[in-house]
């Protein structure tokens, strides 16, 4: 694709990056066939190729983003299926993020839309505030059907029927390898929304890792990865949130003065793709460029890491048929495709592929709240495909996908790490209690794991 940026424009690193991405595009249109929004609308402006043209024109002319540009960039799920399909290696992820930043810088959205986006960006990344907001949403949930179809009704429908209890795992502390010499030392990204909506995922991750000889650090100061606000075009806030994580995890590396890290473990794939891009995000930062690149290089999805480490033989027969949902951020963004299915099979589950696995479920961070009409159509399509597998349950590696799919099916939806933990000696995931013929779920109690001294020499499950 030919571009016409001026020398003044090309002096900026973001425009140079956009120029390289645009020039890689050869207009082939292969991306159209795998783009979820184009499949639904048939409008090429809702395809990667169409959005590339819109972004190109906006950047070259330096014109304020029009309503048309904002609409079609907002409709993009950032599923990155186009990057899997593209024969030319167009890095659409970086380009669409840049386009969204320009939209937020140059366009004033309608009041309600502006307020809703700010509210989501304020509440969801802060676990305490998110829990408080959900407390009200749980009470109001039965009234959600009385709301007119739209964003508020979609948000009310996503609220859980009850709040999960608080977990001790998410507090800064160190968990020692359990009953075995230490093989690795890792930091766990505990996330933000996941702490509130499904703390069992982090608990299962800690149990699985320590059982396999891994010391797990929950670092002081780490929090939201920045993905949510970045995909809404607020790069400044995303950088602030990412910087907190980089400093927290860097302090645990040998270079940063800590005990050393073999990996940063992520069990929410939407966070994983963002953390693996920290090096790019801070490429021009003189202070954080090197630490950010190092942390990005240490980032591993839990299934990547367990594949490298080796899964212990299962300690119980499971045998359920599992429909594996490949989260877009895992299969397209991180290119992790075989590891989750291989591990589930090693753990004793009968893994079944979902038809149209490359098509997004419609979750995509806040997408199912900001674009509910398209998200509901994508969920219906995904759930229909899942039901064709005749599986007993659904496994996924991303919380957002789990919430989205669970809203359209009666099948239990479980995180992959919960199943691996269960098969190798952990408790049965609570959601599996509904399975016909399943073992009764043990009563949940606070996680109890051996703890090791922190850097100050203190011991205990919570080092603060």
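Would a scan of the range 44-54 turn up a residue that is touching a residue at least 60 places away in the same chain (Cβ under 8 Å) and not assigned by TED's automatic domain parsing to the domain that holds residue 229? No, the range 44-54 contains no residue that is touching a residue at least 60 places away in the same chain (Cβ under 8 Å) and not assigned by TED's automatic domain parsing to the domain that holds residue 229. Among the criteria (1) part of a helix (DSSP H, G or I); (2) within 16 Å of the chain's Cα centre (by Cα), the one residue 376 does not fulfil is (2).
Report every pair of residues separated by at least 6 positions or lying on different chains whose Cβ atoms are under 6 Å apart, first residue within the range 84-104 and farther than 17 Å from residue 333 by Cβ, second surrounded by fewer than 18 Cβ atoms within 10 Å (Cβ to Cβ). The qualifying pairs are 88/24; 88/26. Inside the range 267-285, residues that are farther than 19 Å from residue 186 by Cβ and outside any helix (DSSP H, G or I) make up a count of 5. Of all positions in the range 424-431, none carries a residue that is at pLDDT 95 or above and either in a helix (DSSP H, G or I) or farther than 25 Å from residue 306 by Cα (or both).
Residues in the range 252-266 that are touching a strand residue (DSSP E or B) at 6+ places or on another chain (Cβ under 7 Å) and assigned to a loop (DSSP other than H, G, I, E, B) were compared, and the one that is nearest to residue 328 (Cα to Cα) is 262.
Among the residues making up the range 377-398, those that are more than 16 Å from residue 35 (Cα to Cα) and touching a helix residue (DSSP H, G or I) at 6+ places or on another chain (Cβ under 8 Å) are 383, 386, 393, 394, 395, 396, 397, 398.
Per the listing 405, 359, the residue uniquely buried (at least 19 other Cβ atoms within 10 Å of the Cβ), in a loop (DSSP other than H, G, I, E, B) and at pLDDT 95 or above is 359. Would you say residue 164 is under 30 Å from residue 362 (Cβ atoms) and surrounded by 24 or more Cβ atoms within 10 Å (Cβ to Cβ)? It is false that residue 164 is under 30 Å from residue 362 (Cβ atoms) and surrounded by 24 or more Cβ atoms within 10 Å (Cβ to Cβ).
With respect to (1) over 23 Å from residue 415 (Cβ atoms); (2) at pLDDT below 85; (3) in contact with a helix residue (DSSP H, G or I) (Cβ under 8 Å, 6 or more places away or on another chain), the lone exception for residue 148 is condition (3).
From the list 114, 171, 185, the lone residue that is modelled with pLDDT of 90 or more, out of contact with any helix residue (DSSP H, G or I) (no Cβ under 8 Å at 6 or more places or on another chain) and loosely packed, with under 14 Cβ neighbours inside 10 Å is 114.
Per the conditions (1) in contact with a helix residue (DSSP H, G or I) (Cβ under 8 Å, 6 or more places away or on another chain); (2) farther than 28 Å from residue 114 by Cα, the sole criterion not satisfied by residue 206 is (1).
Could you tell me whether any residue of the range 214-227 is under 28 Å from residue 93 (Cβ atoms), in a helix (DSSP H, G or I) and touching a helix residue (DSSP H, G or I) at 6+ places or on another chain (Cβ under 8 Å)? Looking through the range 214-227, at least one residue is under 28 Å from residue 93 (Cβ atoms), in a helix (DSSP H, G or I) and touching a helix residue (DSSP H, G or I) at 6+ places or on another chain (Cβ under 8 Å). Screening residue 337 against (1) at pLDDT below 95; (2) out of contact with any strand residue (DSSP E or B) (no Cβ under 9 Å at 6 or more places or on another chain); (3) farther than 24 Å from residue 42 by Cα leaves a single unmet condition, (1).
For beta carbons closer than 7 Å, sequence separation of 6+ or different chains, a first residue in the range 63-77 that is touching a residue at least 24 places away in the same chain (Cβ under 8 Å) and a second that is part of a loop (DSSP other than H, G, I, E, B), the qualifying pairs are 64/107; 65/107; 70/107; 74/371; 75/371; 77/360; 77/364. Candidates 238, 128, 133, 156: the one that is within 29 Å of residue 98 (Cα to Cα), in a helix (DSSP H, G or I) and either more than 17 Å from the chain's Cα centre (by Cα) or touching a residue at least 24 places away in the same chain (Cβ under 8 Å) (or both) is 238.
The values are calculated or read from the model by the stated rules, or taken from the named source; none is laboratory data. What you see is a predicted model, and the numbers here were worked out from it, not measured in a lab. When we count neighbours, we look across all protein chains shown, and the Cβ atoms used for this are built from the backbone with ideal geometry, even at glycine.
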